[in-house]
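For reference, the structure discussed in these notes is given below.
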Amino acid sequence: MKTYLEEHSDATRIFPWLADASSSIRCLCVVGEMLLFPEDIVQFKQISSEMFRDELAKKHALSTYRFYVVVCVRNEFQSKRIFDYYKLWRLLEREEMLEGFTSRIEVLVQVGKEPYYVGIAEFGIEQLTTAIEMISDSPAMYTIICANHDRPSHCQELLDQVLEIGLTESGNLPVVEMVTTLTAQGYAICTWGSSSEEQELQCFYTAAFL
């Protein structure tokens, strides 16, 4: 396994899906290569969390950052009543250790005829590895938002912006629009990319985040 950092001053030249976005969007990537076995991927998720944390600490004291995870889930139950019982966070608690994820909000939305729950929670630096595991397992369902001390915000305000953008037609988080909209406001957006033998944590931001 090989791990390293890549920094791109113009993310639009590296990521085709950002081709129409502002050239001011930068990207920090924590890359893992030659991940041949499942245990390599598990190890890299921990390593990527540590490397990302170290990079954040070079910019500001870690205590000045606030972290949020945005989530969407679709109804996998035969009954909508069961889905409405579990909603989002109660459903995730069946699969994830969510201690330390606070200020949880969840909202029911419709995409066509299909019901989804979209939610947000704040978490601390101690839960960063757990949050990275979430986004790496399903980048279409999970996204991390980072704010620094100059960007005080609340979960409801951020969720309102995501809901205003809306989910994609396939019911996924609108990652492209979140990157372009929220980085322009000084936030950083973290997502996950992968190929057959390579994985990477991708953090998009502008100079306003630094």
For the chain, the convex hull over Cα atoms projects on average to an area in nm² of 11.6 nm²
For segment 120-210, the Cα gyration tensor yields equivalent-ellipsoid semi-axes (√(5λ), largest first, whole Å) of 20, 17, 13
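Which order do 141, 178 take by accessible area at a 1.4 Å probe, largest first? Intermediate results must be reported in sequence, preceding the final value.
Values: 141 55, 178 0 Å².
From most accessible down to least: 141, 178.
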Sorted largest first, the C-alpha extents of segment 31-98 along its principal axes in whole angstrom are 47, 37, 16
The ³J(HN,Hα) series, computed from each phi in segment 123-139 with the Karplus coefficients 6.51, -1.76 and 1.60 at θ = phi - 60°, rounded to the nearest Hz and given as x for glycine or proline, is 9, x, 4, 5, 9, 4, 4, 4, 5, 5, 4, 4, 5, 6, 6, 7, x
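Is it possible to state the helix-based mean residue ellipticity at 222 nm for the chain, with each DSSP H run of 4+ residues giving -39500 (n - 2.57), the sum divided by total residues, to the nearest 500 deg cm²/dmol? What is it? Working shown, then result.
Details: 6 runs with 63 residues, N = 210.
That calculation yields -9000 deg cm²/dmol at 222 nm.
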Restricting to lysines and to Cα separations under 29 Å from residue 59, and discarding same-chain partners fewer than 8 apart, the set is 2, 45
Probe 1.4 Å, all chains present, heavy atoms only: residue 194 accessible area in Å², nearest 10, is 90 Å²
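Please go through segment 1-85 and write out the GluC sites (Glu not before Pro) that DSSP classes as loop and that have at most 16 other C-beta atoms within 10 Å. Let's see the in-between values first.
Values: sites: 6, 7, 33, 39, 50, 55, 76; in loops: 76.
When the GluC sites (Glu not before Pro) of segment 1-85 are filtered for loop state and at most 16 Cβ neighbours within 10 Å, 76 remain.
With the contact rule set at Cα under 8 Å and sequence spacing of 6 or more, what percent relative contact order holds for the chain?
Answer for the chain is 25 percent.
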Expressed in angstrom and rounded, the centroid-to-centroid distance over alpha carbons for segment 1-77 and segment 97-130 is 19 Å
Taking a ≥ b ≥ c as the square roots of the Cα gyration tensor eigenvalues, with a/c under 1.5 meaning rounded and otherwise prolate when a/b beats b/c or oblate if not, segment 15-65 comes out oblate
Per the C-alpha gyration tensor (a ≥ b ≥ c, the square roots of its eigenvalues), segment 159-207 is rounded if a/c is under 1.5, else prolate if a/b beats b/c, else oblate; here it's oblate
Non-local residues with an amide H under 5 Å from the amide H of residue 111, with H modelled 1.01 Å from N and Pro and chain starts lacking one, are 116
By accessible area (1.4 Å), largest first, 10, 160, 20 order as 20, 160, 10
The helix 38-59 Cα axis meets the longest alpha-carbon principal axis of the chain at an angle in degrees, between 0 and 90 and rounded to 10, of 70 degrees
So, for the Cα atoms of segment 92-134, Rg and Dmax in Å stand at 12.5, 38
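The values are calculated or read from the model by the stated rules, or taken from the named source; none is laboratory data. Values in this document were obtained by computation on a predicted structure and should not be read as measured data. Here the Cβ is made from the backbone with ideal geometry for all residues, glycine too, and neighbour counts use every protein chain on show. Quick note on the areas: whole protein, heavy atoms, side chains included, nothing else; ligands and nucleic acids left out. Shrake-Rupley method; radii C 1.70, N 1.55, O 1.52, S 1.80 Å.
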